[in-house]
Every structure is written in structure tokens, then in C-alpha cells.
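Some notes on the structure that comes next.
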Amino acid sequence: MTELYSLPLFPLNTVLFPGMTLPLHIFEPRYRVMIKRCLKLNRPFGVVLIREGNEVGGSAVPHDIGTSAYITHAQPLDNGRINIQTVGYKRFRLVTIEQDKPFLVGRVADYPLEGLNAPEVAPLADALRRSVRVYVDTLADMTAQEIPLGPLPEDARELAYLLGMTLPLSLAEKQSLLATRDLTSMLRSEQRLLRRELMMLKQLIRHQEQGWQPDVPFSPN
């Protein structure tokens, strides 16, 4: 039987993956209360991408899959505001929302990534590391700037979470990655998305080399 537990929720227009850092500026009174409580009890809160509604004010409707986060540093500011640094802890699945709290609280269950030792994982991770290096080299050529790339994680799960957080993807794509049930599927999706981004980058380079200019000026927005 899946164990449920209560977790305060912070709906945001961002997707957090386990092991990744996320700085936040806390200014709404209800979330100030939540963060102070988490600090006092040394408890995590859940970061969930907003499905409907607004980040500030009102009641945002979150996606079902999120990541719990621990506060690693807190800096109190004037007027009760707080800057915090957080790190993602583990994935969870939102089952129900409790309505009797000043801030959003969910009844959640852990949602661990499956298939960590599947035979496909190691070769997929190796191929993905090579693709990342090709992408970074191509981007460096386009911008004529050196882009340092440190060693990528040896652990395939850490690699998948790092790329989920850092690849230039839409929030919907990042959320889809976060919700992926098993590691093999996550790595394959990231390889496909990275291949798409690399193809778009190479097309842009070809257009630049040909002196291409858009027919309609880009919007300043």
C-alpha cells in the first residue's frame, strides 16, 4: 500500500528536479508562513509546476508530479521577505489537496524513478553525454565564445535530472520529463529533445552563414 503524507506545496512557473538547486524570493504572506515553518521544523516543501492560475495571489492548480525541496540557506530581508536557496530532494505524486490550511498542502506519495539498473541505461547515458558535448561545441562555434563544460555526472539518474533542469526546453517538456516513470524513457526523451535542439542550432548557423534575415522584424518582446 502506498504511504501518503502531508507536504506544503509551492506552485511556481518552474520545474525542479531532484538534486538541482533553486533560489527563491519569498514575499507573499502565506508562503512566508510556510517557509518559516519549514525552517523551524527542518522539513521540505513541494515545488509543483502551475497547471492553471497565477503564481502570485489566488489559487493556482498544480500538476500532479512535483519535487520536494529542502532549504539550504535563508536570508531574511526587510518587510518580512526572505531569500532562500533550495535543493530538490525527491519526486512525489500529488493525490489530494487539503483545503484547511493558510497555504496549499497536499497529500502526496513518493514517486521514485524506476528502472535504475535496466541494461539500456548505461549505453543511453553514454550516448547522451556525447550529444551534450556536440551541442555545447556547436553552440560555442555559433557564438564564437568558449563554453566550459565540466565533467557530466557518471550516475545516469543524476545526468537525467541535470539535463531535465538545464536543457533549453519548454515548461511543458520539462514537466513531461519529470513525470516520466522510468529512467530509460527519460534518457530516450532527452536524447530526442537534444537532437531536435541541435538540429535547430545547426539550421540557425546555416542561415547566419548565408546572411539570412527574417522577412518580418522580430518583436522586441
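Here, each number is a calculation from the coordinates, and none is a lab measurement. Every value quoted in this text rests on a predicted model; they were computed, and no experiment measured them. Because the Cβ atoms are built from the backbone with ideal geometry, glycine has one as well, and the counts that use them run over all protein chains shown.
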Output row, site E28, 7 Å Cα→C-beta label point, backbone N cut-off 11 Å, window segment 1-21, residues 9-13
Dividing the helical contributions, -39500 (n - 2.57) per DSSP H run of n ≥ 4, by the residues of the chain yields a 222 nm value, nearest 500 deg cm²/dmol, of -12500 deg cm²/dmol
Candidates V61, V108, V15, ranked by Gaussian network fluctuation over the chain, Cα under 10 Å, top entry
V61
Cut-off 14 Å (backbone N to label point 7 Å along Cα→Cβ of L152), residues of segment 158-174:
158-168
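Rank the residues T21, T67 as a footprinting-exposure proxy: fewest other Cβ atoms within 10 Å of their Cβ go first. Mind dumping the intermediate values first?
Working: T21 12, T67 27.
In order of increasing Cβ crowding within 10 Å: T21, T67.
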Would you please give the FRET efficiency between V134 and S170, computed as 1/(1 + (r/R0)^6) with r the Cβ-Cβ distance and R0 = 25 Å, to the nearest 0.05?
0.70
Proxy reagent accessibility, fewest Cβ within 10 Å first, across M199, M34:
M199, M34
Taking only C-alpha pairs under 8 Å that are 6+ residues apart, what is the relative contact order of the chain in percent?
21 percent
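Rg(Cα) of segment 1-122 divided by 2.2 N^0.38 Å?
Numbers: Rg = 14.9 Å, N = 122, 2.2 N^0.38 = 13.7 Å.
Dividing the Cα Rg of segment 1-122 by 2.2 N^0.38 Å gives 1.09.
Could you please rank L39, L139, placing first whichever residue has the fewest other Cβ atoms within 10 Å of its Cβ?
On the way: L39 13, L139 16.
Exposure proxy ranking, most exposed first: L39, L139.
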Residue by residue through segment 97-103, which ³J(HN,Hα) values in whole Hz follow from phi under the Karplus form 6.51 cos²θ - 1.76 cosθ + 1.60 (θ = phi - 60°), with glycine and proline marked x?
10, 7, 9, 9, 10, x, 10
For Y89, which sequence-distant residues (separation of 5 or more, or a different chain) have an amide H within less than 5 Å of its own amide H, given hydrogens modelled in the peptide plane?
G19, S68, A69, Y70
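What relative contact order, as a whole-number percentage, does segment 1-100 give when Cα pairs under 8 Å and 6 or more residues apart are counted? Write down the numbers at each step before the final one.
Values: 192 pairs, mean separation 33.4, N = 100.
So the answer I get is 33 percent.
How large is Rg/Rh for segment 73-153, to two decimals, with Cα atoms and a Kirkwood Rh? Each step should come with its number before you reach the end.
Details: Rg = 20.8 Å, Rh = 18.0 Å.
For segment 73-153, the value is 1.16.
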Using only the alpha carbons of the chain, determine the length spanned along each of the three principal axes and report them from longest to shortest in whole angstroms.
60, 48, 29
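For segment 1-107, which chymotrypsin sites (Phe, Trp or Tyr not before Pro) are both in a DSSP coil and crowded by at most 10 other Cβ atoms within 10 Å?
Listed in order of number, the matching sites amount to none.
Roughly what % antiparallel, to the nearest 5, for the DSSP beta bridges in the chain?
On the way: 31 of 36 bridges.
Approximately 85 percent, going by the DSSP bridge assignments.
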